Amino acid sequence: MKTKISGLILVLLLFSCKEKSKEIERQVNQYSIEQFMDNESVDGGSFSPDNSNLLITSNRTGIYNAYTIPIEGGEVTPITQSDSTSFFAESYFPNDNRILLQADDNGDEINHLFVRELDGSIADITPFPGAKSLFYGWSKDENFLYFGSNKRDPRFFDVYKLAIEDYSSEMIYQNNDGLDYSAMSDDENYIALSKAMNTNDEDLFIFNVNTNKTTKINANLSANFAQDFSKDNKTFYYTTDDGGEFLYLMSYHLDTKEKKKLLEKSWDISGFRLTNNEVYMVVYINEDGKNTIEVLDYETMKPIVLPDFDNKSITSVGFSSDEKWMRMYVGGSNSPSDLYTYNLETKKQTKLSHVLNKDINPEDLVTAKVIRYKSFDGTEIPAIYYLPHQASESNKVPAMVWVHGGPGGQTRQNFSALIQYLVNHGYAVLAVNNRGSSGYGKTFFQMDDKKHGETDLQDCVEGKNWLVQQTEIDGEHIGIIGGSYGGYMTMAALTYTPEEFDVGVNLFGVTNWMRTLKSIPPYWESFRVALYKELGDPFTADSVRLKRISPLFHTDKVTKPLIVLQGAKDPRVLQIESDEIVASVRENDVPVEYVLFEDEGHGFVKKENQIEAYSSILNFLDKYLKNKKPEMGETP
């Protein structure tokens, strides 16, 4: 679904079919999957009330748990020590050292909120059977937290206010209209709500609690996303692409209804936040698949100077409540993000984590390059290219076309252990942002509506054709890989263009659109109609097309080796999708491998499972792509 640093110039490397790469072959150390997965993933960064510690999430033990770490460096202290269910840190309580956590049941996405008490005990404060709970924030007086829950109606999330003294709660907004909560003013008088009209456009509303009146903000059909309320409760900030291709920042005066354009860039402004006392404004920009962050002085609207990390980027920031401290994540496509703190008064910065396995030489990892190529109809397709260091004209390497999730997602210039693992072992990866991807303007985003498995697939084929023209690539050995929607594209490629790719790697991909669209989780109800507008309504005549583009019904065309990976608890792409595609393709006497995880959902989060999944993929590629086996009917 659509997801919605400064001064760095992003060089777009334009390649023509006749151009030769200037990459020079060199020897690199090859690392095992265990070494790659010995990297640590760190996330979050809530400051304790006294600014002594940060609350983070880490998978250092192989599963996600919550930890604290001193803001100027020191020992990491575990807050949870689960060895089965992942726990994720949400926030310190605003006035004591209690800690808010969230967890689901091994990927089923039915999240509950938990409190880690001062005595170390952990309690579920949203123990509603079968209901999903979402943390919305803290009250201005610091005595309450807000959360969303679909316990009343599985389709819709109501807004609740929970007293942090005794954990009693009351509903403050009943969602009868299928709207989505986005933000609330500090005085609780205004709630920002949205309604998806299609997968790009949303209507935006302000609900006045005092008058019980709902006001629509946008006049035209456009993408509109709530961002924040001013601390004086007079101004609402939102982003919109009304009248343009990209999201820009607007203000809306809650009394006068006056709108003003505040900030516009040549890319989407994907996020905006005010710090606690409105000293700073934080602006996130999706610049060609890469986060650019600007921290502006609220009064002057001028960017403050942020620390320089050479070839790495600041990918995320957060502030202490007194705005004296900032925490930052710093990384890139060739480096997992490390956590830093930065004192805004003394300008001292401290590196708190060292997430890259010390046994891995950073020089052996590959930096992504943004390239563009022309598709079948002349449309320019952006892609992110990873070329192994050991590749050259005299040492050609096999390649994989990588397709992101979605529909409507985007491959970003972020660190991927799987991509770096494959590249380190001699596979080039071209991560295609085919038409329909977010981040490149709304026209590009909507180009694949009700054309899935058709024009978007052709963009992937043209990506393969671009690879064939590169002098370092072995054009006879190119496969396709993807997860979720990308997994669908893998199966669509093997089904509808069976001679284009030599192998397919399908991670929890849709294979029967009618079943997937009919089995959408109830808590996605507010988005269901929008999804039907993009893909088709399975309860109408659209079902004819949906069956036509569903690989499950055309598996007789699949002739190339396939590996499928799936989580048994996946609520989005059900296990049966993978069970059936595996069984059907095997009937063709085609090599098919199947890796099923009983304790994973839509994506694999446990290190032991990631190790098994990623090593299975590499072994499969080494067997059927790098050392290509004979096709059916061929003589060895």
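The values are calculated or read from the model by the stated rules, or taken from the named source; none is laboratory data. Please read these numbers as outputs of a predicted model, since none were measured by experiment. Here the Cβ is made from the backbone with ideal geometry for all residues, glycine too, and neighbour counts use every protein chain on show.
One table, with the values for the structure above:
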| quantity | calculated |
| --- | --- |
| Qualifying residue in region 220-242 (condition: farther than 30 Å from Gln174 by Cβ and either of a type outside the set (Val, Ile, Thr) or assigned to a loop (DSSP other than H, G, I, E, B) (or both)) | yes |
| Scan of region 372-401 for residues that are in contact with a helix residue (DSSP H, G or I) (Cβ under 7 Å, 6 or more places away or on another chain) and aromatic (Phe, Trp, Tyr), ordered by number | Tyr373, Phe376, Tyr386 |
| Per-region count, region 240-288, residues within 20 Å of Ser316 (Cβ to Cβ) and aromatic (Phe, Trp, Tyr) | 4 |
| In region 517-570, the residues that are within 27 Å of the chain's Cα centre (by Cα), closer than 22 Å to Pro154 by Cβ and part of a loop (DSSP other than H, G, I, E, B) | Ser519, Ile520, Pro521, Asp537, Pro538, Ala568, Lys569, Asp570 |
| Any strands (runs of 3 or more DSSP E) falling wholly within region 45-139 and containing at least 1 residues that are of a type in the set (Ser, Thr, Tyr) | 53-58, 65-70, 88-92, 133-138 |
| Single residue of Tyr594, Tyr624 found to be part of a helix (DSSP H, G or I), of a type in the set (Phe, Trp, Tyr) and farther than 26 Å from Pro522 by Cα | Tyr624 |
| Residue satisfying all of: in region 25-44; out of contact with any strand residue (DSSP E or B) (no Cβ under 9 Å at 6 or more places or on another chain) and not in a loop (DSSP other than H, G, I, E, B); surrounded by the fewest Cβ atoms within 10 Å (Cβ to Cβ) among these | Glu34 |
| Residue under evaluation Tyr342, criteria (1) touching a Gly at 6+ places or on another chain (Cβ under 7 Å); (2) modelled with pLDDT of 95 or more, criterion not met | (1) |
| Conditions (1) surrounded by fewer than 21 Cβ atoms within 10 Å (Cβ to Cβ); (2) of a type in the set (Val, Ile, Thr); (3) more than 22 Å from Tyr385 (Cα to Cα); number of the one not met by Thr495 | (1) |
| Check on Tyr427, under 26 Å from Arg528 (Cβ atoms) and either hydroxyl-bearing (Ser, Thr, Tyr) or crowded, with 24+ Cβ neighbours inside 10 Å (or both) | no |
